[in-house]
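Novice: My questions all concern the structure below.
The values are calculated or read from the model by the stated rules, or taken from the named source; none is laboratory data. Computed from a predicted model, the values in this text were never measured in an experiment. In this analysis, Cβ positions are derived from the backbone assuming ideal geometry, glycine residues included, and neighbour counts consider all displayed protein chains. Ligands, DNA and RNA are excluded from the accessible area calculation, which covers all protein heavy atoms including side chains. Shrake-Rupley method; radii C 1.70, N 1.55, O 1.52, S 1.80 Å.
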Amino acid sequence: MCGPFIRNHQYNEIKKQAGNLQHALRTIADRKVLESVRLGAAAKIEELFPDASSHQKQLLEHIVTLETSEDFHKYLRALEPYILEFPPVTEKQIQKLFPKNKKLKIPNLSELDRRYITYLSWVDISTNKLFMVYPLNGQFVGVEGRYTPTNKRSFCFICHRYEDLALFSAISKKRPAKASADYYKSVGNYLCMHGHECNKNITDISSLESFINTVIG
């Protein structure tokens, strides 16, 4: 047996590949084409885990044997015990990430299913601010910024899915040498209005981490 090893965004990619294969099974009659789709899905999942153990590989490779909707359901359910939870974080830890916000409104952490969280975020409607907490290189970092609903749908910069968007504008902590005391640089991007939807969609963390690194310097 092995412990949890699948991060939320990786599980989302596995679900995506399973969905693609299910669609192919319903719509494609050519067995050679179907076999190609099967092997392609397995290869993309394998790429997510370059250091997988033999037992982990066996769990993941089972996708090539699936045929029915029930098979796919059982496959995804069987992987759930192996999902890595978002690291435990306390209100006190979060407060320290945002020291200037003395009246920070933090969501009820006990209600969160940490298996399905890549980044923790919430909106303070009273200040129109969005707060984001993310474990970067083994350490929690916090990013805050102005949150402005756009009333339009387009592609989220984090999960790359077509969703209702808000503009998230954070102040970069990176300052050029000899910058004036009032210097600031705003880093803005469009992201899903609802963080829980984004966490369900995200399959790659590179854009998220790039944005966070740009802000924190």
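Novice: Take the residues in region 162-183 that are closer than 24 Å to ASP124 by Cα and assigned to a loop (DSSP other than H, G, I, E, B); name whichever of them is modelled with the highest pLDDT.
Specialist: Going through the qualifying residues, I end up with SER172.
Novice: Given the options LEU97, LEU84, LEU76, name the one that is in contact with a helix residue (DSSP H, G or I) (Cβ under 7 Å, 6 or more places away or on another chain) and open to solvent by less than 80 Å² (accessible area, probe 1.4 Å).
Specialist: On the way: LEU97 fails: in contact with a helix residue (DSSP H, G or I) (Cβ under 7 Å, 6 or more places away or on another chain); LEU84 fails: in contact with a helix residue (DSSP H, G or I) (Cβ under 7 Å, 6 or more places away or on another chain).
Answer to the selection: LEU76.
Novice: Six or more apart or on different chains, Cβ atoms under 6 Å: show the pairs whose first residue is in region 10-32 and closer than 13 Å to LEU66 by Cα and whose second is open to solvent by 50 Å² or more (accessible area, probe 1.4 Å) and at pLDDT 95 or above.
Specialist: If the second residue must be open to solvent by 50 Å² or more (accessible area, probe 1.4 Å) and at pLDDT 95 or above, the pairs left are GLN17/LYS44.
So that you can scan it fast, the table gives a plain yes or no per residue for (1) of a type in the set (A, V, I, L, M); (2) more than 17 Å from GLY3 (Cα to Cα); (3) out of contact with any Asp or Glu (no Cβ under 8 Å at 6 or more places or on another chain):
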{"site": "SER36", "(1), (2), (3)": "no, yes, yes"}
{"site": "LEU39", "(1), (2), (3)": "yes, yes, yes"}
{"site": "ASP51", "(1), (2), (3)": "no, no, yes"}
{"site": "GLN56", "(1), (2), (3)": "no, no, yes"}
{"site": "THR65", "(1), (2), (3)": "no, yes, no"}
{"site": "SER69", "(1), (2), (3)": "no, yes, yes"}
{"site": "LEU76", "(1), (2), (3)": "yes, no, yes"}
{"site": "GLU91", "(1), (2), (3)": "no, yes, yes"}
{"site": "GLN95", "(1), (2), (3)": "no, yes, yes"}
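Novice: Mind listing whichever residues of region 108-125 are open to solvent by less than 30 Å² (accessible area, probe 1.4 Å) and modelled with pLDDT under 95?
Specialist: Answer for region 108-125, where residues must be open to solvent by less than 30 Å² (accessible area, probe 1.4 Å) and modelled with pLDDT under 95: just ASP124.
Novice: Considering only helices (runs of 4 or more DSSP H) fully contained in region 1-112, which possess at least 1 residues that are in contact with a Gly (Cβ under 7 Å, 6 or more places away or on another chain)?
Specialist: Numbers: elements: 8-27, 31-48, 54-61, 69-79, 91-97.
Because the criterion is at least 1 residues that are in contact with a Gly (Cβ under 7 Å, 6 or more places away or on another chain), the helices (runs of 4 or more DSSP H) in region 1-112 that meet it are 91-97.
Novice: Checking the structure you have, find out if any residue of region 144-160 is buried (at least 16 other Cβ atoms within 10 Å of the Cβ), out of contact with any Lys or Arg (no Cβ under 8 Å at 6 or more places or on another chain) and outside any loop (DSSP other than H, G, I, E, B).
Specialist: There is no residue in region 144-160 that is buried (at least 16 other Cβ atoms within 10 Å of the Cβ), out of contact with any Lys or Arg (no Cβ under 8 Å at 6 or more places or on another chain) and outside any loop (DSSP other than H, G, I, E, B).
Novice: For region 126-143, what are the residues that are open to solvent by 20 Å² or more (accessible area, probe 1.4 Å) and either assigned to a helix (DSSP H, G or I) or hydroxyl-bearing (Ser, Thr, Tyr) (or both)?
Specialist: In the first step, residues of region 126-143 are kept if they are open to solvent by 20 Å² or more (accessible area, probe 1.4 Å); the result is 126-129, 135, 137-141.
Within region 126-143, SER126, THR127 qualify.
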